[in-house]
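Below: the structure, in structure tokens.
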Amino acid sequence: MDCTLQIFLDDRWVDCAQIELNDGLCQWNHLVMYAVEHTDAPLSLAEPVDMHLRAARTMPAFLHDLAPQGAGRCFLLGELKLPDGPDADFPLICAGAFNPVGRIRVAEAADYFETHVARHPGARGLPGLTIDDVVVRSAEFKDRMFLHGMLSTGTTGVQGAAPKYLLTRDRAGLLHGDAILPDADATQHLIAKLPRGNSAADNKILRNEAAYMRVASALAIRTHADLPTLHGDLLLVPRFDRIASDGKVVRLHQESVASILGLPGFDLRPSLFEVVAGIRKVVTDPSAETLEFIKRDVINLAMGNTDNHARNTAVQLVEGKVRLTPLFDFAPMYLDPEVIPRALRWYRPDTRVELTDWADVLAALPVSDHERRMLALELSRFAAQIERLPDIMEEQGIDHDIIEFLTQYIDTQVRQLKALQPPEAHHAPSEPTYP
Ligand SMILES: Nc1ncnc2c1ncn2[C@@H]1O[C@H](COP(=O)(O)OP(=O)(O)O)[C@@H](O)[C@H]1O
Ligand SMILES: [Mg+2]
């Protein structure tokens, strides 16, 4: 089984690589013309554009970012009549990755989608919907979703467990399935996210996600300029991997931390020290992004966002610079009925012992003393903002019981961060320093 990858450059899809999977061996290479002409546009920041043939027992890690998950995955497994499991990933990508987040797609999946649309001519040219139509799940919306919505919205191209649809706003402000609306008519790209399950807790998590994002923004964490908004039990999240203007759409490179670390599959749990090392290898300003990442982890801990797995952090390439994307999937996940323990933790590189105090984490980070002092100073300043967190959460409308529950976690963060006065004595790094 093989497939061709395409990348969206200069307003068109360009063939860039071939992937072949046979008897558990995955081989892939860039197309020669692509390798010659586009060394500046890699499929993954961890994979330089070259002429090498790569071979491995697993698919390249970046391909897992394109694998359908959640509701889109279930739908497509049914369409393809496949049992679920890791072996389903490749066929699912070959059919479902026609419109993923980011700027890479699979040519065969684009064909699969066109065939689907040809079977359902009604999928194109439908009138747009208002957000109210979508929220009340009008008969028309239901019909569209069940008949061909999973595909027309491009839902198989977005990951995560919560049911979601990719929607695009046209010039009149009406919403369409993302995969259906031509770029020329698009003005804004959105993810419509529904609660993960049917419980009151699932609902509460989603209801608070918009307010959580406003809190992060108030704390000067990098957030998208357009924050998510709540409509009934539907969260409308403006996308930061697409820029629509003048009848054209720019698709930005976006890639999960799992992908830049070369982690295949969905269940691997790197230490947060490895995550930081991976981020530093690809970003333009390693010390700024390390600080940003640590601040995000502070608020994860302070605000009970336990779901910090390696696909809930991503990097993007904007105007020639690589950085962490704006924050996403930030919510009171400690409430999840399936009980989501904190996925990634700071395991000391040498002893593998978990570190739970910022002073210890900073001491173990293989950075220069200058950078360590900068981090300590900035984080001790951040303490003043975290101290105000209960008030900020209140101002942004987060449920009172959540704020009350989190008080002890906020206090711990404040105490630890305040203790991070710039160190008097230099900590000698025990590991080699990051470049
Ligand atoms: N605002 C956004 N812009 C672009 N991509 C996004 C945005 N928010 C989420 N994503 C992408 O969509 C995926 C699913 O969204 P997420 O909020 O993580 O859903 P879930 O709660 O189901 O995990 C993310 O892993 C990320 O790749
Ligand atoms: Mg997620």
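How large is the helix-only mean residue ellipticity at 222 nm for the chain, computed as the sum of -39500 (n - 2.57) over DSSP H runs with n ≥ 4, divided by its residue count, in deg cm²/dmol to the nearest 500?
After summing the helix terms and dividing by residue count, I get -10500 deg cm²/dmol.
If you find the alpha carbon centre of the range 291-344 and of the range 49-95, how far apart are they in angstrom?
Spelled out, the Cα-based centre of one part sits 24 Å from the other.
What whole-number value in Å² describes the accessible area per residue of the range 2-194 for a 1.4 Å probe?
Result: 43 Å² of accessible area for each residue.
With labels modelled as points extended 7 Å from the Cα through the Cβ direction, what inter-label distance (nm, one decimal) is found for V36 paired with A161?
Here the answer is 4.9 nm between the modelled labels.
Along the Cα→Cβ direction, 7 angstrom out, place labels at E394 and V339. What is the inter-label distance in nm?
3.3
Which of L80, L263, L43 moves the most in a Gaussian network model of the chain with Cα springs under 10 Å?
L80
What number of lysine-lysine pairs in the chain show an alpha-carbon separation below 26 angstrom, given a sequence spacing of 8 or more or placement on distinct chains?
Lysine pairs satisfying the spacing and distance rule in the chain number 17.
Can you send over the carbon and sulfur percentage of the accessible area for the chain, probe radius 1.4 Å, protein chains only?
Accessible surface attributable to carbon and sulfur in the chain totals 53 percent.
Across the Cα atoms of the chain, what radius of gyration and what greatest pairwise Cα-Cα distance (Dmax) are found, in Å?
Over the chain's Cα set, Rg and Dmax evaluate to 22.1, 71 Å.
Pick out which of A107, A97, A384 has the largest mean-square fluctuation in a Gaussian network model of the chain, springs linking Cα atoms closer than 10 Å.
In the Gaussian network model the winner is A384.
Within the range 394-424, find all residues whose amide N lies under 20 Å from a label point positioned 7 Å from the Cα of E378 along Cα-to-beta-carbon.
Answer for the range 394-424: 413-424.
If the elastic network links every pair of Cα atoms under 10 Å, which of K295, K321, K248 fluctuates the most in the Gaussian network model of the chain?
Of K295, K321, K248, the Gaussian network model singles out K321 as fluctuating most.
Report D for the range 254-418 in µm² per second (integer): Stokes-Einstein, Kirkwood Rh on Cα pairs, 37 °C, 0.692 mPa s.
Result for D is 198 µm²/s.
What percent do you get for the relative contact order of the range 2-110 when only Cα pairs under 8 Å and 6+ apart count?
Across the range 2-110, relative contact order equals 26 percent.
Counting pairs of alpha carbon atoms under 8 Å apart in space and at least six apart in sequence, what relative contact order in percent does the range 2-194 give?
Relative CO of the range 2-194 lands at 18 percent.
Averaged per residue, what accessible surface does the range 334-393 expose to a 1.4 Å probe, in Å²?
I get 47 Å² per residue for this part.
For D267 and A201, compute 0.36 nm times the residue count separating them, minus their Cα-Cα distance, and round to one decimal in nm.
Value of the extension gain: 21.3 nm.
For helix 272-282, what angle does its Cα long axis make with the longest principal axis of the chain, in degrees from 0 to 90 and rounded to 10?
Taking Cα atoms only, the helix is inclined about 60 degrees.
The values are calculated or read from the model by the stated rules, or taken from the named source; none is laboratory data. Remember, it's a predicted structure, so these values are computed and weren't measured experimentally. Note: ideal-geometry Cβ built from the backbone for every residue, glycine included; neighbour counts use all protein chains shown. Ligands, DNA and RNA are stripped out before the accessible areas are found, and what is left, the full protein with its side chains, is counted by its heavy atoms. Shrake-Rupley method; radii C 1.70, N 1.55, O 1.52, S 1.80 Å.
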